[in-house]
Amino acid sequence: MSQDEADRIGGLLKLAPLWLAHLVLGVIVGVVFATISGPVYTSTASALVAADTSDGGRSVSSATNIINTVMPTIIQLSTSDSVLAEVAQTTGIDQAEVKRAVTVTSSTNSLIITVSASASSAETAQVIAEAEVTALRRVVSELSITPRTRRACL
């Protein structure tokens, strides 16, 4: 072993206590954070959006129309103040907390909406997700793709 290699190894060994202190500090911070922060539960509900024509029938063209025109609107409506206020009133949970908890998505080329709600308890997450689906069902049932011919249903 050359003198340069020995000096490098000696220099690295001098830093070992600093590395060990960082490791111990990281473990302590991690344990404290894990202890203080509670678990987060997520409840997910899915709903199918269907189009009814004025005669009560359903068609592929109406489904395509809903996917392209209505689904983005439904996603936007899911976090509107009126829907969030309805969910907050139904659940008794603050509207700001409901807004933080709820995520609504729709897959590309799909009539399925997925509602996810995260909360500190599984029961609360489930109640929020169910209330969101109910509120969306009410809002969507009032939507009209073309006046007096088709209606979206959740």
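The values are calculated or read from the model by the stated rules, or taken from the named source; none is laboratory data. Keep in mind that this is a model prediction, so the values were computed, not measured. Note that each Cβ is placed from the backbone with ideal geometry, even for glycine, and that neighbours are counted across all protein chains shown. Ligands, DNA and RNA are stripped out before the accessible areas are found, and what is left, the full protein with its side chains, is counted by its heavy atoms. Shrake-Rupley method; radii C 1.70, N 1.55, O 1.52, S 1.80 Å.
Listed conditions (1) assigned to a loop (DSSP other than H, G, I, E, B); (2) at pLDDT 85 or above; (3) not hydroxyl-bearing (S, T, Y) are all met by G38, apart from (2). In segment 50-154, counting only helices (runs of 4 or more DSSP H) that sit wholly within it, none holds 3 or more residues that are of a type in the set (A, V, I, L, M), in contact with a Phe, Trp or Tyr (Cβ under 6 Å, 6 or more places away or on another chain) and at pLDDT 75 or above. Determine the pairs where a residue that is closer than 14 Å to L136 by Cβ, located within segment 80-94, has a partner that is among the charged types (D, E, K, R) and open to solvent by less than 50 Å² (accessible area, probe 1.4 Å) with Cβ atoms under 6 Å apart, the partner being 6 or more residues away or on another chain. Going by the 6 Å Cβ cut-off, the qualifying pairs are V87/E132. Residue count for segment 95-126 satisfying the condition of being surrounded by 19 or more Cβ atoms within 10 Å (Cβ to Cβ), within 16 Å of the chain's Cα centre (by Cα) and in contact (Cβ under 8 Å) with a residue 60 or more places away in the chain: 5.
Sub-9 Å Cβ pairs linking a first residue in segment 2-27 that is open to solvent by 90 Å² or more (accessible area, probe 1.4 Å) to a second residue that is among the charged types (D, E, K, R) and assigned to a helix (DSSP H, G or I), at least 6 apart or interchain, number zero. Pairs needed: first member in segment 39-53, under 17 Å from T108 (Cα atoms) and surrounded by fewer than 17 Cβ atoms within 10 Å (Cβ to Cβ); second member anywhere, modelled with pLDDT under 80 and among the β-branched types (V, I, T); C-beta distance under 9 Å; at least 6 residues apart or different chains. Listed pairs, sorted by first residue: A50/I66.
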